[in-house]
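Every read-out reported here was derived from the displayed coordinates using simple, explicitly stated rules and does not represent laboratory data. Treat the numbers as computed from the prediction; the structure is a model and nothing was measured. Cβ placement follows ideal geometry from the backbone for every residue including glycine, while neighbour counts extend to all protein chains displayed.
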Amino acid sequence: MATLQDLLAQRAEIQKSIEQLQNAERSKAIDEIKKLMSDHNITLADITAGGKVSKSATRADGTPKQAVAPKYRQPETGETWSGRGLQPKWLKAAIAGGATLESFAI
């Protein structure tokens, strides 16, 4: 029967073997990724940016769109609306309740 010291030594050897295999597999994966990036002309910036920019975030010429300043604010919650697109539910409900659009102007 093995002693505690023998078992601890075995565990240390096994742990060392596991770490060596993990490092070897990690290196192999990194080399594979680098090769794929080179083959497909992919940069690190492409990966960190998600590979593409949302079309709604850019104009047709590729320049980024600027955020539109809000024109209306709901006083209780601080929610805002730029005046573009559909009216938010909080504004529709307030107008239906008798408020005017101008009363929410910033």
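Taken along its principal axes, the alpha carbon cloud of segment 4-48 reaches lengths of 54, 18, 5 Å, longest axis first. Note on residue 47 and residue 106: the extension gain reaches 17.2 nm, defined as 0.36 nm multiplied by sequence separation minus the Cα-Cα distance. Students often forget the sequence filter, so: which aspartates and glutamates lie under 19 Å Cα-Cα from residue 28 once same-chain residues fewer than 8 apart are removed? Straight-line reach from residue 28, under 19 Å: 19, 39. Picking from 33, 14, 42, which is most flexible by a Gaussian network model of the chain using Cα springs under 10 Å? Greatest mean-square fluctuation among the candidates belongs to 14.
Once the Cα-Cα distance is subtracted from the 0.36 nm per residue extended length, the residue 2 to residue 15 segment shows a gain of 2.8 nm. So I have (i) 38, 37, 23; (ii) 87, 43, 18; (iii) 55, 32, 18, and one of them is Cα extents along the principal axes in Å calculated from this model. Which one is it? Matching entry in (i) 38, 37, 23; (ii) 87, 43, 18; (iii) 55, 32, 18: (ii). Each of 79, 32 was scored by other Cβ atoms within 10 Å of its Cβ. Arranged with the fewest first, they read 32, 79. Taking amide H as placed 1.01 Å from N in the peptide plane, the amide H of residue 71 sits under 5 Å from that of 81, 82, 83, each at least 5 places away or on another chain. In order along segment 63-75, the phi-based Karplus estimate (6.51 cos²θ - 1.76 cosθ + 1.60, θ = phi - 60°) of 3J(HN,Hα) comes to 7, x, 7, 8, 5, 8, 5, x, 10, 10, 9, 8, x Hz; Gly and Pro are listed as x.
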